[in-house]
Structures are given as structure tokens and as C-alpha cells.
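Please treat every number below as a calculation from the coordinates, not as lab data. On a predicted model such as this, the values are computed, not experimentally measured, just so you know. So basically every Cβ, Gly included, is an ideal-geometry build from the backbone, and we count neighbours across all protein chains shown.
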Amino acid sequence: MATTQRAVTGTAEAALLAAIQDRLRDGRYDDALAAVGDVGVLADRMVAALPAVKHESDALIGPFYDAASLASWRGVTRQAISKASTKGDLLGLKIGDGSRIFPSFQFGPSGAPLPRLREVLMLLDPDRIDPWGSALWLNTVADAFGGTTAAQALRDGRHDVVLRAARRAERAWLADA
């Protein structure tokens, strides 16, 4: 099994390296690369961008970051991540040991949260009673989003569609309460 896992990882690693090389070859990043003082630090930040927390919900809403890896990727402190989660700017999910994990679907390529995420989260769960439910809602394929997820619709700039659907969900949940 370890050999099979390493083969899969090796294939993914090769594909990632090839994709990075393709992007670097087009010349758009020449100035940025010239400004990099320590390539090792850059490599560390790039690797930190890979969600590394394993959780039983990976198939539904993962993969996940922990606070330390998310802070490293975004170039902020763990306290900043905690504060953003407390304010509702990030979707942090409490797990069994009391720590929080952060689903990767809520971030864009630069590590910034999806546009309008906070508004959607406030509609879905204003008291932050069920963040796991919000995560499932955001990452479930639905016809309302053209056969994709609310998270993908936000990523694509279709904010109004997601906000309308979140308002409908909020009304439905309030009616059931």
C-alpha cells in the first residue's frame, strides 16, 4: 500500500511540477521571480498552500487546512486566522480535539476567502450554530448554481445567485425552527 501511495503521490508531484514550469515559462512571473530573495522560502509558502489535514469529511467538503498551515500560506499569524474565523470571515470547523480546520474550497488561488463569503455565511447561520451545515451547503452541487456548488458560483462571480439561494435557505430553516 505504501508503494502504491508513493506512486500516486509521485504522479501528482510530477504533474504539479510540470504545471508550475508551464506557468513560469510564459514569462508573466519573471519580475516576481527576480525579486525573490530566498527560493526556499517561496517553496515553503507554495507547499503550505497544499491542504494537509486529513479528516473523515474530506470527500464531502475537504481537503482542509489547520490554522498553522493556513496562516503560513496566507502569510499571517494563527491569531489572525482565529480572529477571521471568529468574525465570520472564514469558515472554521471545530473538530473532536477542540481545534478548528478550514475547508480549502472557501479560498481562491491567492489564499483570500471567496468573494461575499461572509455575507453568505451570515445568511445561512447568523449565530454560527452549525458551521458544518454551512460548509455542506456551500460545497454541494445544486441546480440553482448551474450544476456546480455555491462556492464555485462565488468563485465565478455569480454572487447574486448565491445570495438569493442563501436567503431562500435561511427562510426555509427559520420556518422549520
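Short-range pairs are left out: with C-alpha atoms under 8 Å and at least six residues apart, the relative contact order of the range 55-151 is 24 percent. In sequence order, the range 65-73 has phi-based couplings of 10, 9, 4, 5, 5, 5, 4, 4, 4 Hz under the Karplus curve 6.51 cos²θ - 1.76 cosθ + 1.60, θ = phi - 60°, and Gly or Pro positions carry x.
Applying 0.36 nm per residue to the separation of Leu17 and Ser82 and subtracting their alpha-carbon distance, the gain on full extension is 20.2 nm.
Report the net charge of residues surrounding Met122, where surrounding means a beta-carbon distance below 12 angstrom and charges are Lys +1, Arg +1, Asp -1, Glu -1. Taking every Cβ under 12 Å from that of Met122, the sum is 0.
Taken about its Cα centre, the range 73-177 carries a charge dipole of roughly 340 debye when the Cβ of each Lys and Arg holds +1 and the Cβ of each Asp and Glu holds -1. Residue by residue, the range 82-97 carries 3J(HN,Hα) couplings of 4, 5, 4, 5, 4, 6, x, 7, 10, 8, x, 10, 6, 10, x, 7 Hz when phi is fed to the Karplus relation 6.51 cos²θ - 1.76 cosθ + 1.60 (θ = phi - 60°); x denotes Gly or Pro. Neighbours of Ala67, meaning other residues whose beta-carbon lies under 9 angstrom from its beta-carbon, give a summed charge of +1 when Lys and Arg score +1 and Asp and Glu score -1.
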